[in-house]
């Protein structure tokens, strides 16, 4: 009997949503009603053009929030696909911190812990970073099992993408704040039988090198 050919890795392209009116100023969290700015719409159109250069993309998934769905829409259109909503890609639940200004939060005693010891922090009335990481990693695993050997786009948020990248790199969660994820950047992780391989993080340039086959 001929040996069975192993299934090729699944490539997951994690895309952060585009710029919004609150980017860099407010912690919007899961609050509804936040849409892309004009700059964000342009970023979404640009990343759609960049992703169109990648072969074998089987599906486009998005967090349920408006800003991610608006980012995913031109990507799906460029690829001739539809956007599928995936709840596990959503933003961290910031609880009582939702909607607060980042300038004010940086002055709190808890901010240092968020930056230096995130694995031990839970947002008041919200989610812990550890729970967020477990959620995003589990969601990505489900997507890879659904699309073996294919490429999928997953539009999410900065913190979940940072947590997924840290997990794939084997880095402790307490170091995940060192990873930068810019609006409409692409973080590419290949998931195979021997584990993940991080191909690019926070890429805002050409993506054609990700055509591995």
*Which angle from 0 to 90°, rounded to the nearest 10, does the C-alpha axis of helix 66-79 make with the longest principal axis of the chain?*
20
*Over the chain, calculate the relative contact order: mean separation of alpha carbon pairs under 8 Å at least 6 apart, over the residue count, as a percent.*
31
_Can you say what percent of the DSSP beta bridges in the chain, counting only those with both residues inside, are antiparallel? Round to 5._
50
*Rank the residues 67, 107, 116 as a footprinting-exposure proxy: fewest other Cβ atoms within 10 Å of their Cβ go first.*
107, 116, 67
*On a C-alpha basis, how far is the centre of the range 82-131 from the centre of the range 165-194 in Å? Whole number, if you could?*
17
*How large are Rg and Dmax for the range 15-62 when only the alpha carbon atoms are used, in Å?*
12.9, 37
*Between residue 7 and residue 177, what is the FRET efficiency for a Förster distance of 30 Å, r being their Cβ-Cβ separation, to the nearest 0.05?*
0.30
*Starting from the Cα gyration tensor of the range 87-183, take the square roots of the eigenvalues, sort them a ≥ b ≥ c, and report rounded, prolate or oblate (rounded when a/c is under 1.5, otherwise prolate if a/b is larger than b/c, else oblate).*
prolate
*Fewest first, what order do 121, 94 take by the number of other Cβ atoms within 10 Å?*
121, 94
*Where a ≥ b ≥ c are the square roots of the eigenvalues of the C-alpha gyration tensor, would you call the range 156-213 rounded, which needs a/c under 1.5, or, failing that, prolate if a/b is larger than b/c, or oblate?*
oblate
_Per DSSP helix of 4 or more residues, -39500 (n - 2.57); summed, then divided by the residues of the chain. What does that give at 222 nm, rounded to the nearest 500?_
-10000 deg cm²/dmol
*Fewest-first ranking of 11, 199, using other Cβ atoms within 10 Å as the exposure measure*: 199, 11
*Would you mind checking the radius of gyration and Dmax of the range 10-206 based on alpha-carbon positions, in Å?*
15.9, 48
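All of the numbers you see were taken from the coordinates with simple rules; none came from a lab. Quick caveat, the model's predicted, so the values are computed rather than measured. Don't worry about glycine lacking a Cβ; one is built from the backbone with ideal geometry, like all the others, and counts go over all protein chains shown.
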